[in-house]
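The values are calculated or read from the model by the stated rules, or taken from the named source; none is laboratory data. None of the values given here were measured: they were computed from a predicted structure. Positions of Cβ are generated from backbone atoms using ideal geometry, with glycine treated the same way; all protein chains shown enter the neighbour counts. These accessible areas exclude ligands, DNA and RNA; they are computed on the full protein's heavy atoms, side chains included. Shrake-Rupley method; radii C 1.70, N 1.55, O 1.52, S 1.80 Å.
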Amino acid sequence: MTSIAIVGAGPQLGLAIARTFGSQGYDVALIARNRAKLDDLVSTLTAEGITAAAFPADVLDRDALTQALKDAAVRFGGIEVLEYSPVGTFGITALTAPAGTEPTDVEFEMNFQLYGAIAATKAVLPAMREAGAGTLLYTTGAGSIWPDPRVANVNAAAAALRNWAMNLHKELADTGIQAAHVGIDSSIGVSVLPGVEAARPEQISPMYWELHTTRRDEDELVFKLDDEGFPRG
């Protein structure tokens, strides 16, 4: 069972993670809402000699997400690694400052980030427990650690996901299953918020392989760029 399911797969970080694991012989299950975009990613990876397949699902649709992960497990004989990193904030929900945040401003992000991650985990964890092996990786922006008042509603949900993932790490200790949070203290590809530098996705993706292989005792890695633009984490 050498396969990874990437929830929220896209042409930036998702594709970079797929390449990182695919280059090590892993089959790649790509999960996101848009079938056409997923098919483009599959074509790209296939041309590079990586086995990949698309499983369209919206993380807000718990049943569809669960079924997509079950279908991926059947297709590839199980899922060894789950990576959860859907991106939908910009253009989908309004970004709010703390004092201006309404409960509804956080509700969407909680559904998108925390509740989707919980649903995805419940779909794959029983088989991992049975196998006594697996890796669960959850990605947020570093506002989950160091809040940015420009995106308070997003930070609140991201912090909840980080807390849950790190608690899961503790619960799964000594089971052979690794759970960890990846905090990204940069934009990906292009700068989105003023003052937040952009990193190339291929600078970030090796961290996921490290957590899966050589840093399994850690519950969190944080990606940052140093003063010269090199990654550290």
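Running Debye on the chain with equal point scatterers at the Cα sites and no solvent, what base-10 log of I(q)/I(0) appears at q = 0.10, 0.15, 0.17 Å⁻¹?
Rounded to two decimals, the profile gives -0.42, -0.99, -1.30.
Quick one: 3J(HN,Hα) in Hz for region 206-221, Karplus 6.51/-1.76/1.60 with θ = phi - 60°, rounded, Gly and Pro as x.
Listing the rounded values in order: x, 4, 5, 5, 4, 5, 6, 10, 10, 10, 6, 8, 9, 9, 6, 10 Hz.
For the chain, what is the calculated [θ] at 222 nm in deg cm²/dmol (nearest 500), taking -39500 (n - 2.57) for each run of four or more DSSP H residues and dividing by its residue count? Please list the in-between numbers first.
On the way: 8 runs with 93 residues, N = 233.
Computed mean residue ellipticity for the chain: -12500 deg cm²/dmol.
Could you state the accessible area per residue of region 1-104 in Å², with a 1.4 Å probe and every protein chain left in place? It would help to have the intermediate numbers written out before the result.
Details: 4760 Å² over 104 residues.
Spelled out: the 1.4 Å probe surface of region 1-104, per residue, equals 46 Å².
Around Phe223, which amide H atoms from residues at least 5 apart in sequence, or from another chain, sit under 5 Å from its own amide H, with H modelled in the peptide plane?
Those lying under 5 Å, H to H, from Phe223 are Gly183, Ile184, Asp185.
Treating cross-link reach as a plain straight distance, find the lysines whose alpha-carbon is under 21 Å from the alpha-carbon of Lys170, omitting any fewer than eight places away in the same chain.
Lys122
Note the angle between two axes, namely the Cα long axis of helix 62-76 and the longest principal axis of the Cα atoms of the chain, as a number of degrees from 0 to 90, rounded to the nearest 10.
That works out to roughly 40 degrees.
Would you list, by chain and number, the lysines whose Cα falls below 25 Å from the Cα of Lys37, excluding same-chain residues fewer than 8 positions away?
Cα-Cα hits under 25 Å: Lys70.
Can you give me the angle between helix 13-22 and the longest principal axis of the chain, using Cα atoms only, in degrees from 0 to 90, rounded to the nearest 10?
Here the helix axis deviates by roughly 30 degrees.
What part of the accessible area of region 60-180, given as a whole %, is carbon or sulfur when the probe is 1.4 angstrom? Spell out each step's value before the answer.
Working: 3030 of 5420 Å².
Of the solvent-accessible surface of region 60-180, carbon and sulfur hold 56 percent.
State whether region 1-77 is rounded, prolate or oblate according to the following rule on the C-alpha gyration tensor (a ≥ b ≥ c being the square roots of its eigenvalues): a/c under 1.5 gives rounded; otherwise a/b larger than b/c gives prolate, and the remaining case gives oblate. Numbers along the way, then the final one.
Values: a/c = 1.93, a/b = 1.33, b/c = 1.46.
The shape class here is oblate.
Angle between the Cα long axis of helix 35-47 and the longest principal axis of the chain, 0 to 90 degrees, nearest 10?
Value to nearest ten degrees: 60.
In percent, what relative contact order does the chain have, based on Cα pairs under 8 Å that are 6 or more apart in sequence?
On the way: 442 pairs, mean separation 41.9, N = 233.
Relative contact order here is 18 percent.
Once you charge only the Cβ atoms, +1 for Lys and Arg and -1 for Asp and Glu, what is the size of the charge dipole of region 43-159 about its Cα centre, to the nearest 20 debye?
On the way: 6 positive and 13 negative charges, 50 e Å.
Roughly 240 debye for region 43-159.
Taking springs between alpha-carbon atoms closer than 10 angstrom, which of Ala119, Ala173, Ala18 fluctuates most in the Gaussian network model of the chain?
Ala173
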